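Values in this text are rule-based calculations from the coordinates and carry no lab data. Source: prediction; values computed, not measured. When we count neighbours, we look across all protein chains shown, and the Cβ atoms used for this are built from the backbone with ideal geometry, even at glycine.
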Amino acid sequence: MRTVYILWLRQIKRYFRSRSRIVGAIGQPLLFLLALGYGLGSVYKAAGRGNYLQFLVPGIMAQTVLFSSMFYGAMIIIDRQFGFLKETLVVPVSRFKIMIGGALGGATTAVIQGSLVFFISLAIGFRPHNWIMTLVALVFMCALALAITSFSSGIGSFVQDMQGFQAINQFLVFPLYFLSGALYPLNNVPTWLRIIAEINPISYTVDALRWAMLGTTKFGLRADILAMSITLVVLMTFGTIRFRHIRD
Amino acid sequence: MIEVNNLTKRFGDFTAVDNVSFSVNRGELFALLGPNGAGKSTTIKMLTTLLKPTSGKLKLNGLDVVKDPDAVRRSFGIVFQDPSLDTDLTAYENMELHGIMYGVAKKELAPRIEELLRLVELWERRNSFVKTFSGGMKRRLEIARGLLHHPKVLFLDEPTLGLDTQTRHLLWSYVDSLTKEKAMTVLFTTHYLEEAESNAHRIAIIDHGKLIAIGSASELKKSTGTDSLEQAYLELTGSEIREEEVDAHEAWRSIRRARNMR
């Protein structure tokens, strides 16, 4: 347990020491909130769907957690380039513990980022329907964060350079995000888009966050939790297996 | 303490280590010498579980390196050729992280870290971030870290590269005392032949992946009819200059990548 803890702590320390990373990771969601929230707000309202900012905030929180968690995989590539990865690969600690310690650390920082976005949203007018339920939203964010940090450690185990990692971000994670229900309601979208959204794990996290923060859901809470659990198990398994074959 | 039997490592068509056998006794200071790209680092990578051999047997502390990597990892410490510190952590934090990963008991950890950081004269800088350190300071910290868990076998891959004379002297006298007092076994590589001559009990020379000579410095000199290790070494390996050291594994990766593109 000490080993998992110290590896977790390493990620936390590195996070709080990198002010640019905190600010940088807040900048993008803030831009989305302001540009989309205010830019599309009136259209959304005119379409009779109410307050777009309210609808958008859970999506942007999911976005923040998603991309911050993906960043953890980039940290593995940085560790490889700086040589520290070698040190972690010769220690007498199982690969699983090394993977999980780092992934938990990365997940913690991602959830902190997501929570920061929540507080910024409050400052620009967002209101959850029930304050207690925001704690449930925190649990959902943790589940997403751990799933994605596990996934990104798996990716970081075999992708050798930053360019390759960026390609996965661009061609896999960005599409998954834009094709989830994070930015627009999935009612009345073309069938192909609806199908993609329904097999997209990100959609369910976004939906679960809306359930917790707005009290509305598209898939139903049971489906959300089931989809999130499957995603977590599958991605943790993927990360564990890939990380076992990691080469420095 | 270390047994290498018919060790071979191939990367595609390229044979980095070719049927090498040698053994190192407990408490021995053993030098592995050879020109750039001879297979020294590849051999160390296999001994330290970072790379799997193509064929051959490797034993360390009586344990099979391939079959029982976790137990083997507990038995050795390593100072890598390239830096392997977390530069965003302080010197102390790097030591602490290492100690905990190796299961050093809580009570023992702090005094040991202090002792070693004082030894390498970094105690005053313990709370500085490693990114502010010079190359020599980083090297010293890595050496202190490699010794923290009292390994039975210590691998030093060009440990003195870029160190000044004082620090080199300090390092070797400490390593020497460890082999004597704690019967620690040390396998090191170096390009400074006088270092091998004055410190190593025995020396193995490898070239093009093959073991070409093994023995004490005086035995090597006698067998080649020369009067310094440097002359003996040049006699054995020739004086042509080798191409820049490439990490054999990295080289293989780029070959594979190039093939995949075709």
For this session: Might you report the magnitude of the Cβ-based charge dipole of the range B:56-130 about its Cα centre, with Lys and Arg at +1 and Asp and Glu at -1, to the nearest 20 debye?
Result: 380 debye
Problem set entry | Across A:Lys97/B:Lys57; B:Lys9/B:Lys40; B:Lys9/B:Lys57, pairs whose alpha-carbon gap is larger than 18 Å | A:Lys97/B:Lys57
Exercise. With axes computed from alpha carbons, what is the tilt in degrees of helix B:135-147 against the longest principal axis of chain B, rounded to the nearest 10 within 0 to 90?
Worked result: 90 degrees
For this session: At q = 0.06, 0.08 Å⁻¹, what is the base-10 log of I(q)/I(0) for the protein assembly as shown according to the Debye formula with one equal point scatterer per Cα and no solvent? Please give it to two decimals.
Result: -0.37, -0.60
Problem set entry | Cα lying deepest toward the dipole's positive end in the protein assembly as shown, options B:Met95, A:Asn169, A:Leu146, charges on Cβ | A:Leu146
Exercise. In a GNM of chain A with a 10 Å cut-off on Cα contacts, which of A:Leu34, A:Leu172, A:Leu104 has the highest mean-square fluctuation?
Worked result: A:Leu172
Problem set entry | Listed residues A:Ala227, A:Ala123, A:Ala147, most fluctuating in chain A (Gaussian network, C-alpha, under 10 Å) | A:Ala123
For this session: Could you work out the Rg to Rh ratio of the range B:62-154, with Rh taken as the Kirkwood radius (inverse of the mean 1/r over all Cα pairs)?
Result: 0.99
Exercise. Quick one: putting +1 on the C-beta of Lys and Arg, -1 on the C-beta of Asp and Glu, what dipole do you get for the protein assembly as shown around its Cα centre, in Debye to the nearest 20?
Worked result: 2020 debye
For this session: Could you tell me which of rounded, prolate or oblate describes the range B:1-85, using a ≥ b ≥ c as the square roots of the eigenvalues of the alpha-carbon gyration tensor, with rounded for a/c under 1.5 and, failing that, prolate when a/b is larger than b/c and oblate otherwise?
Result: rounded
For this session: Using a/c under 1.5 as the rounded threshold, could you call the range B:48-207 rounded, prolate or oblate? The axes a ≥ b ≥ c are square roots of the C-alpha gyration tensor eigenvalues, and prolate needs a/b larger than b/c, oblate otherwise.
Result: oblate
Exercise. Out of every Cα pair in the range A:46-86, what percent are spaced more than 12 Å from each other?
Worked result: 69 percent
Seminar exercise, completed: For chain A, the dipole about the Cα centre with charges only on Cβ (Lys and Arg +1, Asp and Glu -1), to the nearest 20 debye, works out at 440 debye
Problem set entry | Cβ neighbours within 10 Å from other chains - mean over B:116-129 | 0
Exercise. Relative contact order (percent) for the range B:1-45, with alpha-carbon contacts under 8 angstrom and 6 or more residues of separation?
Worked result: 34 percent
For this session: Report the one residue of B:Ala213, B:Thr190, B:Leu154 whose Cα lies farthest in the direction of the positive end of the charge dipole of the range B:2-261 (charges on C-beta: Lys and Arg +1, Asp and Glu -1; origin at the Cα centre).
Result: B:Leu154
For this session: Using only the Cα atoms of chain A, build the gyration tensor, take square roots of its eigenvalues as a ≥ b ≥ c, and label the shape rounded, prolate or oblate: rounded if a/c is under 1.5, else prolate if a/b is larger than b/c, else oblate.
Result: prolate
For this session: Please work out, to two decimal places, the log10 of the ratio I(q)/I(0) at q = 0.15, 0.22 Å⁻¹ from a Debye calculation in which every Cα of the range A:203-242 carries one identical scatterer.
Result: -0.38, -0.63
